[in-house]
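The values are calculated or read from the model by the stated rules, or taken from the named source; none is laboratory data. These figures come from a predicted structure and were not determined experimentally. Positions of Cβ are generated from backbone atoms using ideal geometry, with glycine treated the same way; all protein chains shown enter the neighbour counts.
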Amino acid sequence: MKLCRFSIKKETQPRVGLVVGEDVGSVIDLTAEGIDSLASLLEFEGLTGKLGRLSGLPLPRYERHQIHFLAPVERQEVWAAGVTYLRSKRARMEESDFSATAYDRVYEAERPEIFFKSMPEKVVPTGETVGIRSDAIWNVPEPELVLVCNSRGHIAGLSIGNDMSSRDIEGENLLYLPQAKIYERSCAMGPFVVVGASEDEAREWRISSRIMRGGETVFYGETSVGQIKRSFMELVSFLFRSQKFPHGACLLTGTGIVPPDTFTLQPLDEIIIEISGIGTLSNQVVIV
Ligand code: DO4
Ligand code: MG
């Protein structure tokens, strides 16, 4: 089952929706049943049963062309794990001189790399622009599965994220990581939160990234969610160590798709990230 946040075109009120049909045929407006936030819904035990009951009610439905998708995040902080795929570890070791061993060590260590990524209100939804820094010369998208956690640290849903990154800044010095990762429009998420899928199911999903420039594909890469080295709960339990998230938290799980070292994003590029069990997150690039 897929949830989303949306607004009706020409309106601004955010609504919570249940997606009907494989290809987003329509969206049931759960806000009409008093559900005013996605986060509150994700707090329910037995959520799929509740959603099954809600889908039987005579609630308003909107067709895809009548709505805009909003990012599926409200007051949750957005965090990200790193170096969870072998491909990511190798790429970071290649881009950096004197901090290469840090990536090697963190890949093997008990404690994963986890960093703050975005305030919720800064997360970009599908269809809007993501940013590349004006002071960076080597920029890439990082397509990642997102673990959408409730306040108890349960993984209530799964979504798609883009951890936009400046590789030249990150590679110059590890201490520059926050600047390489956190800037205007550097995090996109959505459009859906899939609920009721187990980790075993999710590990079978394919994740792909296509970058289009002037109508041509200039990069395509794919991998499997199953290549993530650590279990989902392992990552979440480290995030929730010694820290409370009263509104829940989103955790991007790291990238396994890295374009060749000669590749950098340009303004107007279209980034299309697909995860087979979830859907497609699509954003155009702008300089910020
Ligand atoms: O340590 C650098 C960031 C790693 C990361 O974002 C990833 O592996 O996805
Ligand atoms: Mg990343």
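The condition (being in contact with an Asp or Glu (Cβ under 9 Å, 6 or more places away or on another chain) and more than 16 Å from ligand 2 (Cβ to nearest atom)) is satisfied by just one residue among Ser134, Ser166, Ser151, Ser186: Ser151. Taking the condition assigned by TED's automatic domain parsing to the domain that holds Arg206, within 16 Å of ligand 2 (Cβ to nearest atom), not basic (Lys, Arg) and not in a strand (DSSP E or B), does Pro246 pass? In short, no. When the criteria are applied in full, Gly256 fails the requirement of being surrounded by fewer than 24 Cβ atoms within 10 Å (Cβ to Cβ), of a type outside the set (Phe, Trp, Tyr), part of a loop (DSSP other than H, G, I, E, B) and in contact with a helix residue (DSSP H, G or I) (Cβ under 7 Å, 6 or more places away or on another chain). Among the conditions (1) part of a helix (DSSP H, G or I); (2) at positive phi, Ala180 misses just one, which is (2). Applying the set (1) surrounded by 14 or more Cβ atoms within 10 Å (Cβ to Cβ); (2) within 22 Å of Ile155 (Cα to Cα); (3) touching a helix residue (DSSP H, G or I) at 6+ places or on another chain (Cβ under 8 Å) to Arg111 leaves exactly one unmet item: (1). Checked against (1) in a loop (DSSP other than H, G, I, E, B); (2) over 19 Å from Pro259 (Cα atoms), Thr48 passes all but condition (1). Is one or more of the residues making up region 79-92 buried (at least 21 other Cβ atoms within 10 Å of the Cβ), at pLDDT 95 or above, in the same structural domain as Arg241 (by TED's automatic domain parsing) and among the polar types (S, T, N, Q)? Within region 79-92 (the criterion being buried (at least 21 other Cβ atoms within 10 Å of the Cβ), at pLDDT 95 or above, in the same structural domain as Arg241 (by TED's automatic domain parsing) and among the polar types (S, T, N, Q)), the answer is yes, since at least one residue qualifies. Step by step: first the residues of region 98-118, then only those that are out of contact with any strand residue (DSSP E or B) (no Cβ under 7 Å at 6 or more places or on another chain) and in contact (Cβ under 8 Å) with a residue 24 or more places away in the chain, then the one that is nearest to ligand 2 (Cβ to nearest atom). Which residue is that? Per the criteria, the residue is Tyr107. If the condition is being within 7 Å of ligand 1 (Cβ to nearest atom) and more than 15 Å from Leu145 (Cα to Cα), then region 77-93 contributes only Arg92. I want to confirm something. Restricting to region 259-288 and keeping residues that are of a type in the set (Ser, Thr, Tyr) and in contact with an Asp or Glu (Cβ under 7 Å, 6 or more places away or on another chain), which single residue is surrounded by the most Cβ atoms within 10 Å (Cβ to Cβ)? Result: Ser282.
In region 144-185, of all residues being more than 10 Å from ligand 1 (Cβ to nearest atom) and of a type in the set (Lys, Arg), the one that is surrounded by the fewest Cβ atoms within 10 Å (Cβ to Cβ) corresponds to Arg152. Considering only residues in region 173-183 that are free of Cβ contacts under 8 Å to residues at least 60 places away in the same chain and over 29 Å from Gly279 (Cα atoms), the one that is farthest from ligand 2 (Cβ to nearest atom) turns out to be Leu175. Each residue in region 8-28 was checked for being more than 22 Å from the chain's Cα centre (by Cα) and surrounded by 19 or more Cβ atoms within 10 Å (Cβ to Cβ), and 1 pass. Which one is surrounded by the most Cβ atoms within 10 Å (Cβ to Cβ), of the residues in region 236-253 that are within 12 Å of ligand 1 (Cβ to nearest atom) and among the hydrophobic types (A, V, I, L, M, F, W, C)? Only one residue tops the list, namely Leu252.
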